1. Before we move on, is ALA41 surrounded by 10 or more Cβ atoms within 10 Å (Cβ to Cβ) and either among the hydroxyl-bearing types (Ser, Thr, Tyr) or within 30 Å of SER160 (Cα to Cα) (or both)?
2. Could you give me the residue pairs with C-beta distances under 8 Å whose first residue belongs to the range 11-28 and is among the aromatic types (Phe, Trp, Tyr), whose second residue is modelled with pLDDT of 80 or more and in a helix (DSSP H, G or I) wherever it lies, and which are 6+ apart or on separate chains?
3. Of all residues in the range 59-84, count the ones that are in a helix (DSSP H, G or I), in contact (Cβ under 8 Å) with a residue 24 or more places away in the chain and more than 13 Å from PHE155 (Cα to Cα).
4. Could you list, in sequence order, the residues of the range 178-194 that are under 12 Å from ARG154 (Cβ atoms) and of a type in the set (S, T, N, Q)?
5. Exactly one of these conditions fails for PRO96: (1) outside any strand (DSSP E or B); (2) modelled with pLDDT of 75 or more. Give me its number.
6. For the range 147-189, give me the residue count where each residue is more than 21 Å from MET84 (Cα to Cα) and not in a loop (DSSP other than H, G, I, E, B).
7. Being over 24 Å from THR62 (Cβ atoms), at pLDDT below 90 and not basic (Lys, Arg): is that true of PRO148 here?
Amino acid sequence: MKQKDSRSNGFTLLELLTVIAIIAVLAGLLFPTIKNALLRAEVAKAQQAVSGLATAFKAYYTEYGRWPIADTGSNNTYIVDTNMVILLRGVNVTTPPFPTPVFTLPGIPGPPPYTPVVNATFQGNPRQTPFLEFKQTDIDGSGNFVDPWGRPYRFRLDVSYANCVQTPFLAPTALGNIVYQGFLIWSDGPDGQEDQSGDVPPSVANRDNIKSW
């Protein structure tokens, strides 16, 4: 009676190692493709969010004939904080001005320091008109509307109503630093960096930023 060859019932160690090596090579080839696809999806999501905020600001202006913040100084940088979120959702929000925190983001050349106005004087929404719906997954623990990389979206408004706002990505003396629009909205992109001291051409730190203009 013939005995069965045990090698015919499964893989040999060499065959298993060969299969594992092939899988590792394929995974190495596919990983950059998958990573790039995920990055493109995140960028597209941020672009959609910026467009949604732009539409909401325009709708607010159409409804009330003013921008949702009453502070003076069209070059103030704001974040889409919890107050702005609930105002755009349809709540009548007004807040007094608070001291402006000043800090420089890591990896961003200065001066000047990056100075977001976390709280601001809001014009309110007395008609309680909803202008934008937010997914709860896009709201952080502080109630801020954040981009796919966990950082709040930023914006500037033409609160002087001169139809011009200074871009945050160029030095104040740089050529073309004025944008002739009522607002600017942006995300600092995947790298989270922003350079306000640059000139034309744009700084490397700003090349992946997502913006409304």
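1. Numbers: surrounded by 10 or more Cβ atoms within 10 Å (Cβ to Cβ): yes; either among the hydroxyl-bearing types (Ser, Thr, Tyr) or within 30 Å of SER160 (Cα to Cα) (or both): no.
For ALA41, the condition - surrounded by 10 or more Cβ atoms within 10 Å (Cβ to Cβ) and either among the hydroxyl-bearing types (Ser, Thr, Tyr) or within 30 Å of SER160 (Cα to Cα) (or both) - is not met.
2. PHE11/VAL19
3. Residues flagged as in a helix (DSSP H, G or I), in contact (Cβ under 8 Å) with a residue 24 or more places away in the chain and more than 13 Å from PHE155 (Cα to Cα) within the range 59-84 amount to 7.
4. Residues of the range 178-194 that are under 12 Å from ARG154 (Cβ atoms), as a first pass: 183-189, 192, 194.
Selection gives SER187 alone.
5. That leaves (2) as the condition not met.
6. 3
7. no
To keep it simple, each residue is scored yes or no on (1) among the β-branched types (Val, Ile, Thr); (2) over 14 Å from the mean Cα position of the chain (by Cα); (3) at pLDDT below 95.
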residue: GLN128; (1), (2), (3): no, yes, no
residue: LEU132; (1), (2), (3): no, yes, no
residue: SER142; (1), (2), (3): no, yes, yes
residue: TYR153; (1), (2), (3): no, no, no
residue: ASN163; (1), (2), (3): no, yes, yes
residue: LEU170; (1), (2), (3): no, yes, yes
residue: ALA174; (1), (2), (3): no, yes, yes
residue: VAL179; (1), (2), (3): yes, yes, yes
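The values are calculated or read from the model by the stated rules, or taken from the named source; none is laboratory data. Just so you know, these numbers come straight off a predicted model, no measurement behind them. Cβ: placed from backbone, ideal geometry, glycine included. Neighbour counts: every protein chain shown.
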